[in-house]
1. Order 180, 115, most accessible first, counting only protein heavy atoms with a 1.4 angstrom probe.
2. Please work out how much accessible surface residue 43 shows to a 1.4 Å probe, ignoring ligands, DNA and RNA, in Å² rounded to 10.
3. Which percentage, to the nearest 5, of the DSSP beta bridges contained in the chain is antiparallel?
4. Can you give the extra length, in nm with one decimal, that the chain gains between residue 218 and residue 288 once fully stretched, where that is 0.36 nm per residue apart less the Cα-Cα distance?
5. Amide H of residue 106: which non-local residues (sequence gap of 5 or more, or other chain) have their own amide H closer than 5 Å, using H built in the peptide plane?
6. Considering lysine pairs in region 80-217 that are 8 or more places apart or on different chains, how many have Cα atoms under 25 Å apart?
7. To one decimal place, what orientation-averaged projected area in nm² is obtained for the convex hull of the Cα set of region 1-93?
8. I'd like to check one number: the per residue accessible area of region 97-220, probe 1.4 Å, reported in Å² as a whole number.
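The values are calculated or read from the model by the stated rules, or taken from the named source; none is laboratory data. Small disclaimer: the values here were computed from a predicted structure and weren't measured. Just the protein is used for accessible areas: all its heavy atoms, side chains included, with ligands, DNA and RNA removed. Shrake-Rupley method; radii C 1.70, N 1.55, O 1.52, S 1.80 Å.
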Amino acid sequence: MEIIKLHPEIGAEIRGVSMADVANDDNAYRAVRAAFEEHSVLLFRNQPTDDQVQVGYSAKFGPLETAKVASLGEGTPFSILTNIDKATGNLVPQGHKEELRAKANQLWHTDSSFRETPALASVLSARTIPGVGGETAFVSQRATWNRLPQSLRAKLANSYAWHSYAHSRGKIDPSLASQREQNAMPPACWRMRWRNPVNGRDALYIASHTYAIVGLSDKEALALIDELTAIATATGHSYEHPWRAGDVVMWDNRASMHRGRPWPLDEPRYMIRTTIAATDADGVAELRPPKMAA
Ligand code: OGA
Ligand code: MN
């Protein structure tokens, strides 16, 4: 297996081991798992666009999430991100729910921080890519953490933030998250530092979904989240992935943020994501607020 770095702070391409190898072979899994713990974003090129390989690969890392209520793929392991209308096969018009959802994905975030169990990792497979735009950008939240002043790190390590799907969707359109979605996905509260139990490295845990911090006023909390997001995503700190057919990118939701980039609405884009839920072995227990703080 060869590991080729994509950016000084985050990401590596894996060569010589395929996703099918990982699905079928424990030694291949262990090697790729170690690269995942180290590099936070892994790129596989020239993969077969095969749902079963994607599930087989993903399931090695832990329990799979099911796609969100009212999303394409609801109840299955496959989250579909696309501007192609399922019923008609046509491209969706501006203002369509899937177009607004793509816009929400263009805000810096980490996946599933609003869920009852946060996500360890996401595995995104490019099935149809536009001729221009539609990249996905990543930043290392370990690098962010290390850039913060020591006094702020000490404070954030014991701070707890609230995350909500309705909050990030509301930044795009106040009615984007329906009542049904809000009922199914109530807010969740997590420590703002996620320590990786394998290597002890700390990462800042925030997202577009973050709307409150225990002990701060809403105004103070939102200002701090904005400031931290700006530090995390400052020029020079992101790796922007230009998709090629056959690419699959996996990222560590504990240690990174990502955002989609816009593309022309008259070009189709179709991506399939599987998402792995985090377990105590991935450091979730430490993320839970003490009873009093929540
Ligand atoms: C995701 C996501 C951005 C993109 O799959 O979780 O945010 O570029 N995707 O599609
Ligand atoms: Mn995402």
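1. Numbers: 180 125, 115 50 Å².
Largest accessible area first, the list is 180, 115.
2. Accessible area, nearest 10 Å²: 0 Å².
3. Details: 47 of 50 bridges.
Percent antiparallel among DSSP bridges in the chain is about 95.
4. Numbers: separation 70, 0.36 × 70 = 25.20 nm, distance 2.06 nm.
Stretched fully, the residue 218-residue 288 segment lengthens by 23.1 nm.
5. Residues meeting the amide H criterion: 260.
6. Final tally of qualifying lysine pairs is 4.
7. On the way: hull surface 31.4 nm².
Quarter of the Cα hull surface area: 7.9 nm².
8. Per residue, region 97-220 has 39 Å² of solvent-accessible surface.
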